[in-house]
Amino acid sequence: HGECSGLNVDSITVALSYDWQCNDCKSCMVCFCKHDEEEILICASCDRGCHTFCCDPQVANIPERKAWA
């Protein structure tokens, strides 16, 4: 549930527009795999996940986690 995961109202609206997955079930939206979980980046706006190596262009370094107010 979007509200249970701490998403803001705008992100919940976006998440409800697709087959949302909780963090335990989240897979990469490009390759659809759950392997290499530590390499999956989760978007702060839409809550979708993508492996760093599946991004185009690839992400060389995982960005630091930012606190959103």
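The values are calculated or read from the model by the stated rules, or taken from the named source; none is laboratory data. Fair warning: this is a prediction, and the values are worked out from it, not measured in the lab. Ideal geometry is used to build each Cβ from the backbone, glycine not excepted, and the neighbour counts take in all protein chains shown. Side chains are part of the model used for accessible areas, which takes the heavy atoms of the whole protein and leaves out ligands, DNA and RNA. Shrake-Rupley method; radii C 1.70, N 1.55, O 1.52, S 1.80 Å.
Run the accessible area of region 2-51 with a 1.4 Å probe and give the carbon-and-sulfur part as a rounded percent. Present the calculation step by step, with values, prior to reporting the outcome.
On the way: 1790 of 3350 Å².
Carbon and sulfur: 53 percent of the exposed surface of region 2-51.
Per residue, how much accessible area does region 2-51 show when a 1.4 Å probe rolls over the protein heavy atoms, in square angstrom?
For region 2-51, the per-residue accessible area is 67 Å².
Using a Förster distance of 25 Å, how high is the FRET efficiency between Val9 and Ile42, based on the Cβ-Cβ distance and rounded to 0.05? Write out the running numbers ahead of the final one.
Working: r = 18 Å, r/R0 = 0.72.
The value I calculate is 0.90.
State the extension gain, in nm to one decimal, for the chain segment bounded by Gln21 and Glu64, taking 0.36 nm per residue of separation less the distance between their alpha-carbons. Show your work: numbers first, answer last.
Working: separation 43, 0.36 × 43 = 15.48 nm, distance 2.24 nm.
Extra length available between Gln21 and Glu64 comes to 13.2 nm.
Take peptides 36-47, 16-27 and line them up by average Cβ neighbours within 10 Å, highest first, as a rough protection proxy. Mind dumping the intermediate values first?
Numbers: 36-47: 14.3, 16-27: 11.7.
The packing order, highest mean first, is 36-47, 16-27.
Please report the projected area of region 2-51's Cα convex hull averaged over all directions, in nm². Don't skip to the end; give the middle numbers.
Details: hull surface 12.9 nm².
If I average the Cα hull's projected area over directions, I get 3.2 nm².
Suppose every K and R has +1 on its Cβ and every D and E has -1 on its Cβ; what is the size of the dipole of region 2-51 about the Cα centre, in Debye to the nearest 20?
140
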